[in-house]
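Notes follow once the structure below has been shown.
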Amino acid sequence: MSFSKVEALARGELESLQFDRLGFTLEQAFKTPFYRGRLKEAGIGEDFRPGSWEEFQRLPFTVKDDLRAAYPVGLLAEPHEKIVRLHASSGTTGIPTVIYHTKDDLSSWAGLVRRSLCAAGAGESDVFQNMMTYGLFTGGFGLHYGAEELGMLVIPTGAGNTMRQFRMMRDFKTTIVHATPSYLLHIHEKMREEGIGREELFLRKAIVGGEPHSEDTRRKIEELLKIDVYNCYGLSELNGPGVAFECVHKAGMHLWEDAYIMEIIDPDTLLPLPDGETGELVCTTLQRNATPLIRYRTRDLTRIIAEPCACGRTHRRIARIMGRSDDMLIINGVNVFPSQIEEVLMRSRGIGSNYQIIVEKAGALDKLTVKTEIASSAFSDDTRSMNALTRYIKEALKASISINPAVELHEPGILPVWEGKATRVIDTR
Amino acid sequence: MIIKQISVFLENISGRLAEVTRILADNKINLRALTIADTADFGILRIIAVKPDEAVRILTQAGFMAKETDVLAVEVEDKPGALAAVLDIFSKNSINIEYMYASLERSADKAVIVIKVEDVERGIKVVEANGLKPISAF
Ligand SMILES: [Zn+2]
C-alpha cells in the first residue's frame with residue numbers, strides 16, 4: 001500500500017501547513033459578503049493570521065442557517081466565470097444550501113477521494129460501480145471523479161433499479177460498489193429472492209455512506225455479501241464524500257487534515273473538547289476557492305482518535321458518527337439516537353434488517369414504538385416463543401436507551417424498503 | 001398418524017385471514033379445522049387442510065410466512081364428559097397440552113379435536129393405550 005507524502009507528514013509539519021492554508025481561506029472568506037460582515041462583527045481584521053490554536057478559536061462559527069441566509073451568492077468568493085459547478089442540498093422545504101466549485105476545487109476534491117479510495121485498498125484494476133444518486137446530491141459525483149482519478153473503470157449506474165445493477169455487476173465484473181448501507185442490505189435480499197448466487201459476482205469491497213449506520217450493520221453486510229465494507233464520511237457543505245475515510249484497518253476514518261481543520265466542540269458550551277471526547281465535529285476548509293467555510297458546525301457527533309494508525313498515515317481519525325444532533329430524539333426527557341436502536345436490532349437474532357421507529361404522543365407522555373420484521377426462520381406456531389422474542393428485543397432496547405419501547409413484530413416485506421436514503425424515523429409529535 | 005398442521009403468521013388478522021382462505025379456496029384446498037391465536041399485534045393462524053405441503057408452498061409463494069407443525073387429532077363422542085375424559089388421559093400421563101381446537105366438520109355423534117403437545121409420537125401412543133383412536137387423515 002503506498003500513499004503520498006502529505007498523508008504521512010509529521011504532526012508539526014502538518015499543523016504548519018494548516019496555518020499556512022488557513023491564511024488562504026481567510027483571504028477567500030473576506031471576498032464574500034457573508035464573511036466580510038461576520039468576521040468584522042467578531043472583531044477579526046483582514047490581516048488577522050492565527051499563529052496558535054487559541055488564536056484560531058477567536059474565529060466565529062458558521063452554521064447551516066448562515067448558508068441559507070447567504071443563499072444564493074452570499075458565500076461566493078470567486079467571479080462567476082471561474083465557477084464550473086454547484087451542488088445544493090435538495091431540501092424540499094425551506095431554502096437550500098449551495099456550495100460552488102472552481103476547477104481547482106473539483107480537482108482537489110477528486111484528489112481527496114482518490115486518496116480515500118486508495119486507503120481502502122482500491123487500485124486501477126478495480127471496476128467501480130457507483131450506486132449513489134447523481135445530481136445535486138454530492139454522493140454520486142464525489143466518488144465518481146475520485147474513482148476515475150484513481151484509474152478505476154467507473155460504471156455510473158446511480159441509485160435504484162436493482163436488476164440492472166446485478167446485470168452490470170455480473171457482466172462487467174464489478175469489484176467495488178458505492179452505496180448506502182440499506183441499499184446493500186436490499187441487494188442481498190433481492191439476490192435471495194431472485195436466486196442470484198454470490199459466486200456470480202466478483203465483488204470484493206463496498207464503500208458505504210449517505211446515512212448513519214452502526215458497526216453491527218457493517219458486520220452484517222460483510223457477512224451477508226462476503227465483502228469488506230469501508231466507512232466514509234462527507235457532508236455536502238464540506239464538498240461531500242471524501243472528507244474522512246477508513247483505511248484498510250477499519251478503525252475509524254482518517255480525516256484529511258491538509259484539507260480541513262477539525263475540532264470537536266461541546267454543542268452546548270461551544271468550547272473545544274480534548275481528543276477522545278465525543279462532541280460535535282467542526283471543520284474549516286483549507287483548499288476551497290469558491291466557498292470557503294470557517295469553523296463550520298457539522299451537527300455530526302463523533303470523537304477524535306489521535307493514536308497513530310497502523311497504516312502509517314498521520315492524519316487523525318474520527319470515530320463512526322454517533323448520530324446528528326438534529327437526529328437526536330428527546331423521548332420523555334431522554335436523549336435517544338436512532339443509531340442506538342439500530343445497533344440493538346442488528347444484534348438480535350430472529351428479525352430481519354428492516355425496521356421503523358415511531359415516536360408519538362400518548363396523553364402527556366411520549367410513546368416509542370419499534371417495528372421490526374420477523375425472520376422466517378424464527379417464526380413459530382407457538383405464541384409463547386414469539387412473545388419471548390418480542391420481550392427479548394424490548395429488554396435489549398431498554399438496556400441500551402433507558403426507555404421502555406413497544407416492540408411490534410411484522411411479516412417480512414411489510415415495512416417499507418428503501419432504495420435510497422433511509423428515513424426510518426416517524427415522529428408525529 | 002401425525003397430522004401436519006399449517007401455521008401462518010397473520011400481520012393483520014381480519015384482512016390477512018380473508019386472503020389466506022381465498023388463496024386456499026382458489027387452489028381447491030379444503031379446510032378441515034382452523035383457529036387463531038392472537039397477541040397484541042399479530043395473530044397465528046393454525047389450519048388443518050387436505051394437502052398441507054401444497055398449502056404451505058402456495059401460501060409461501062403468495063408472500064405468507066407459513067410452516068408445518070406436527071399435531072395429533074382424536075375423535076371424541078359428542079356427549080357430555082367425553083372431552084374431559086380425553087383431557088384426563090393427558091394429564092394422568094403428565095403430557096402438557098400446548099393448545100387444542102375442534103374440527104369444522106363433524107358427524108352427528110362425533111367431533112374431531114386437534115391437539116398440540118410437545119412430543120406428538122408419545123401423545124399418540126398414550127391415546128391409543130387408552131382405547132381411543134387418533135385419526136390419520138382428514
Ligand atoms: Zn489508517
Count - residues of region B:67-79 that are more than 14 Å from chain A (Cβ to nearest Cβ) and open to solvent by 50 Å² or more (accessible area, probe 1.4 Å): 4
Strands (runs of 3 or more DSSP E) within region A:272-348 that include 1 or more residues at pLDDT 95 or above and of a type in the set (D, E, K, R): A:296-302
Count - residues of region A:397-414 that are more than 7 Å from chain B (Cβ to nearest Cβ) and either aromatic (Phe, Trp, Tyr) or more than 11 Å from A:ILE351 (Cβ to Cβ) (or both): 10
Any hit, region A:326-345, residues being out of contact with any Gly (no Cβ under 8 Å at 6 or more places or on another chain), more than 13 Å from chain B (Cβ to nearest Cβ), closer than 23 Å to B:PHE64 by Cα and in contact (Cβ under 8 Å) with a residue 40 or more places away in the chain: yes
Where A:ASP66 falls short, out of the listed (1) within 18 Å of A:ILE294 (Cβ to Cβ); (2) within 18 Å of the chain's Cα centre (by Cα); (3) open to solvent by 10 Å² or more (accessible area, probe 1.4 Å): (2)
Checklist (1) at pLDDT 90 or above; (2) open to solvent by less than 20 Å² (accessible area, probe 1.4 Å); (3) away from chain A (no Cβ under 14 Å) applied to B:ALA82, failing item: (1)
Breaking point among (1) touching a strand residue (DSSP E or B) at 6+ places or on another chain (Cβ under 8 Å); (2) open to solvent by 10 Å² or more (accessible area, probe 1.4 Å); (3) assigned by TED's automatic domain parsing to the domain that holds A:ILE403; (4) not basic (Lys, Arg), for A:LEU345: (2)
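So that you can scan it fast, the table gives a plain yes or no per residue for (1) basic (Lys, Arg); (2) open to solvent by less than 30 Å² (accessible area, probe 1.4 Å); (3) over 30 Å from A:THR174 (Cα atoms):
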position: A:PHE61; (1), (2), (3): no, no, yes
position: A:ILE95; (1), (2), (3): no, no, yes
position: A:TRP109; (1), (2), (3): no, yes, no
position: A:THR138; (1), (2), (3): no, yes, no
position: A:PHE141; (1), (2), (3): no, no, no
Checklist (1) within 14 Å of another protein chain (Cβ to nearest Cβ); (2) open to solvent by 60 Å² or more (accessible area, probe 1.4 Å) applied to B:ARG122, failing item: (1)
Candidates A:THR157, A:THR175 - the one that is β-branched (Val, Ile, Thr), open to solvent by 10 Å² or more (accessible area, probe 1.4 Å), within 21 Å of the chain's Cα centre (by Cα) and over 24 Å from A:TYR100 (Cβ atoms): A:THR157
Some residue of region B:59-66 being away from chain A (no Cβ under 14 Å), open to solvent by less than 20 Å² (accessible area, probe 1.4 Å) and out of contact with any His (no Cβ under 6 Å at 6 or more places or on another chain): no
Any chance A:VAL417 is in a loop (DSSP other than H, G, I, E, B), within 21 Å of the chain's Cα centre (by Cα) and more than 11 Å from chain B (Cβ to nearest Cβ): yes
So A:GLU246, is it more than 16 Å from the ligand (Cβ to nearest atom), modelled with pLDDT of 95 or more and of a type in the set (D, E, K, R): no
Candidates A:THR298, A:THR269, A:THR302, A:THR291 - the one that is under 27 Å from A:THR97 (Cβ atoms), surrounded by fewer than 18 Cβ atoms within 10 Å (Cβ to Cβ) and out of contact with any helix residue (DSSP H, G or I) (no Cβ under 7 Å at 6 or more places or on another chain): A:THR269
Qualifying position, being part of a helix (DSSP H, G or I), under 28 Å from A:ALA179 (Cβ atoms) and at pLDDT 85 or above, among A:LEU389, A:LEU397: A:LEU397
Residue tally, condition open to solvent by 20 Å² or more (accessible area, probe 1.4 Å) and within 14 Å of chain A (Cβ to nearest Cβ), over region B:1-56: 17
Residues within region B:126-138 that are outside any loop (DSSP other than H, G, I, E, B), surrounded by 14 or more Cβ atoms within 10 Å (Cβ to Cβ) and not aliphatic (A, V, I, L, M), tallied: 1
Selected residue [under 30 Å from A:ALA70 (Cα atoms) and more than 16 Å from the ligand (Cβ to nearest atom)] from A:LEU271, A:LEU255, A:LEU203, A:LEU185: A:LEU271
Qualifying residue in region A:353-372 (condition: within 30 Å of B:ARG46 (Cβ to Cβ) and modelled with pLDDT under 85): yes
Residues located in region A:306-315, provided they are more than 10 Å from the ligand (Cβ to nearest atom) and not small (Gly, Ala, Ser): A:GLU307
Subset tally (residues that are farther than 17 Å from A:THR298 by Cβ, under 22 Å from the mean Cα position of the chain (by Cα) and open to solvent by less than 60 Å² (accessible area, probe 1.4 Å)) for region A:316-342: 6
Given (1) open to solvent by less than 10 Å² (accessible area, probe 1.4 Å); (2) modelled with pLDDT of 95 or more; (3) of a type in the set (Phe, Trp, Tyr), number of the condition A:TYR183 does not satisfy: (2)
Boolean, A:SER376 is within 11 Å of chain B (Cβ to nearest Cβ) and open to solvent by 60 Å² or more (accessible area, probe 1.4 Å): yes
Test for A:GLU307: is it touching a Lys or Arg at 6+ places or on another chain (Cβ under 9 Å), open to solvent by less than 40 Å² (accessible area, probe 1.4 Å) and not aliphatic (A, V, I, L, M): no
All positions within region A:246-259 that are under 16 Å from the mean Cα position of the chain (by Cα) and either of a type outside the set (Gly, Ala, Ser) or under 30 Å from A:GLU54 (Cβ atoms) (or both): A:GLU246, A:CYS247, A:LYS250, A:GLY252, A:MET253, A:HIS254, A:LEU255, A:TRP256
Unique residue being modelled with pLDDT under 95 and either assigned by TED's automatic domain parsing to the domain that holds A:TYR260 or part of a helix (DSSP H, G or I) (or both) when the list is A:GLU148, A:GLU189: A:GLU189
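The values are calculated or read from the model by the stated rules, or taken from the named source; none is laboratory data. Here the structure is a predicted model, which is why all the values come from computation and not from measurement. Backbone-built Cβ (ideal geometry, glycine too); neighbour counts: all protein chains shown. Ligands, DNA and RNA are stripped out before the accessible areas are found, and what is left, the full protein with its side chains, is counted by its heavy atoms. Shrake-Rupley method; radii C 1.70, N 1.55, O 1.52, S 1.80 Å.
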